[in-house]
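Novice: My questions will all concern the structure given below.
The values are calculated or read from the model by the stated rules, or taken from the named source; none is laboratory data. All of these numbers come straight from a predicted model, not from anything done at the bench. Cβ placement follows ideal geometry from the backbone for every residue including glycine, while neighbour counts extend to all protein chains displayed.
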Protein chains: 2
Amino acid sequence: MANIYDVARRAKVSTATVSKVLSNTPYVSDTTKERVLEAVRELGYSPSLVARSLTKNRTYVIGLAIPYRPDYLFNDPFLLQVIQGVEEIANERDYNLLFSTARPSNPESAYTRLLRTGYVDGVITLETLEAGEPSRKLEESGLARVTIGYPLSTGSGTTDKVANAVHCDDYNGALEATSYLLRQGHRRIGVISGPANFMVAIDERLRGFKDALTCYALSLDPALIAYGDFTLESGYAAAGSLLELSPRPSAIFCFNDMMALGAMRRVREMKLRVPEDL
Amino acid sequence: MANIYDVARRAKVSTATVSKVLSNTPYVSDTTKERVLEAVRELGYSPSLVARSLTKNRTYVIGLAIPYRPDYLFNDPFLLQVIQGVEEIANERDYNLLFSTARPSNPESAYTRLLRTGYVDGVITLETLEAGEPSRKLEESGLARVTIGYPLSTGSGTTDKVANAVHCDDYNGALEATSYLLRQGHRRIGVISGPANFMVAIDERLRGFKDALTCYALSLDPALIAYGDFTLESGYAAAGSLLELSPRPSAIFCFNDMMALGAMRRVREMKLRVPEDL
DNA sequence: ACCATATAGTAAACCGCTTAACTATACTGA
DNA sequence: TCAGTATAGTTAAGCGGTTTACTATATGGT
């Protein structure tokens, strides 16, 4: 593969000039520029990104760190969409994505290593679930970083270091959903939540739910909260227990679609209509 | 960040020795080795992968190229599993994965560019669907490459260049599935296929189906082949048309699970039992 | 006693690019 | 006319490693 010296020789200029032409640095005559570009074309030259990275001290590579949760990761279509979105923008900006998953079995793996070796200019970490150990190491490394999800709180009280993060507004979403039901006149609202203490998003939604009730001077009845695990089956089961309460709730707020499907199946089996009866 | 010179100075050796220690090259005394490692530890030194790549002419990065098909890509859980699998092995071998999707709108994008610039040691291309233009360019570049899926035929007749590929044995799978039904005594077997001329896998399965019939001296009745698009709805519809035939098929071979689910739903609605009646 | 060989370490070139510093013209305006 | 500046291009020093020679001991066999 041709390098910058080959091009320089062919165009009868110095490598500095070739570099200038390729980076559009001013003060190169049009004729020289044309000669260089001609040589580039003839040789099919394409500068080595590796060499460039070495001098520029930037790789134009962003690490995309994904927590490894086989059961979860394999089945989350949302995740793939996130990856696609990230890739789309990175691509637009001429950045590349280094895909990396943190393995709990080996936190000192490629994932962590990469950060130190200067192969990435920054990282995006997915922390839909709880933040793991690798994430903490990252924190210390001081590398540029954005979290997708709720960042782990940086511990020590009044720390000035606030992690950059982007996530759904779970709190307000839950607040609005609940308020809607309340405005419809519902006063006993059941919740089919995700696992307790599993992820921040769940806590936030519960908080939103609770605050909405408070606005209507209602207090939260713990009996109305059932815990599922985001699967259809768990939604089915949770709906069952909620509907056995008396008086039974007149509405149910499910924390994801699969559980809602399960709940609806159960509701139908009990000869109730949605949305007329529930 | 500390570099190899810092380490050399601290351990009072040359950089060559540091390099040797770190690559386990023989002929370094234990005491020297210990001194170097000590310095490495104290400085938190980690060699720059970029610099290493430049001299070794290898980046230890493998490109994972994925065809861009928004509708498809976003919804294929299988794809995510494949990615995970690739990542798992790459990780074991200390390779990193550069994630890249080919955009039809801009084939000359990061995807293609990377290949020329020497940022990747090789590529893995996913070609579950038909092979696109970027794939062809790759072919010409001569870069190490493995295809997941059926590789595009390299055109020009007796070419010696055969692409490396790994894919399901669609032909034998279909052959076996069909043979099983035939052994059970079924003689009129319906097929709910994927879109015609869409991907090689479908053609292969149809071929397997056909050959199985041939073994039993049966010929293929085109009326028994319905075409869906892998969705539940299309399976539902296809089953409907197949079951209207008279005599109706006694078995149906679906090309994916979603269509099978749709078909079963339809079958039940027609008051037929699976597997007793169909 | 001496040469061959194994062991331990070093100097410096090299990978391919960028860029600071420098030289050499040509063009200004006062 | 001449200093000052804009333009065009070059030289060479990095960036941070690896590796090929090469030197210098220590060891061993005859």
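Novice: Output the residues belonging to region B:23-46 that are charged (D, E, K, R) and either exposed (fewer than 11 other Cβ atoms within 10 Å of the Cβ) or within 14 Å of chain A (Cβ to nearest Cβ) (or both).
Specialist: Residues satisfying the conditions are B:D30, B:R41.
Novice: Still on this structure, I have one more. Could you identify the single residue in B:K56, B:K12, B:K20 that is within 14 Å of chain A (Cβ to nearest Cβ) and within 13 Å of DNA strand C (Cβ to nearest atom)?
Specialist: B:K56
Yes/no per residue for (1) modelled with pLDDT under 90; (2) within 26 Å of A:L126 (Cα to Cα):
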{"site": "A:V191", "(1), (2)": "no, no"}
{"site": "A:M199", "(1), (2)": "yes, yes"}
{"site": "A:I202", "(1), (2)": "no, yes"}
{"site": "A:D211", "(1), (2)": "no, no"}
{"site": "A:Y227", "(1), (2)": "no, yes"}
{"site": "A:Y236", "(1), (2)": "no, no"}
{"site": "A:I252", "(1), (2)": "no, no"}
{"site": "A:A263", "(1), (2)": "no, no"}
{"site": "A:R273", "(1), (2)": "no, no"}
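Novice: Read through the list (1) of a type in the set (V, I, T); (2) in contact with a strand residue (DSSP E or B) (Cβ under 9 Å, 6 or more places away or on another chain); (3) modelled with pLDDT of 90 or more; (4) surrounded by fewer than 19 Cβ atoms within 10 Å (Cβ to Cβ), then give the number of the only condition that B:I62 fails.
Specialist: All conditions are met except number (4).
Novice: Can I ask one more? Taking A:N57, is it within 7 Å of DNA strand D (Cβ to nearest atom), surrounded by fewer than 17 Cβ atoms within 10 Å (Cβ to Cβ) and within 27 Å of B:L49 (Cα to Cα)?
Specialist: Considered against the rule, which asks whether it is within 7 Å of DNA strand D (Cβ to nearest atom), surrounded by fewer than 17 Cβ atoms within 10 Å (Cβ to Cβ) and within 27 Å of B:L49 (Cα to Cα), A:N57 comes out as yes.
Novice: Let me ask something additional. Could you please find all residues in region A:91-123 being part of a helix (DSSP H, G or I) and either modelled with pLDDT under 70 or more than 8 Å from chain B (Cβ to nearest Cβ) (or both)?
Specialist: If the condition is that a residue be part of a helix (DSSP H, G or I) and either modelled with pLDDT under 70 or more than 8 Å from chain B (Cβ to nearest Cβ) (or both), then A:E92, A:A110, A:Y111, A:T112, A:R113, A:L114, A:L115 are the ones that fit.
Novice: Okay, moving on. How many residues are over 20 Å from B:V61 (Cα atoms), without any contact (Cβ under 8 Å) to a residue 12 or more places away in the chain and near DNA strand C (Cβ under 8 Å from one of its atoms) when one looks only at region A:23-53?
Specialist: 2
Novice: Now for a separate question. Kindly list the number of the only condition in (1) of a type in the set (A, V, I, L, M, F, W, C); (2) within 25 Å of B:H167 (Cβ to Cβ); (3) crowded, with 18+ Cβ neighbours inside 10 Å that fails for B:V267.
Specialist: (2)
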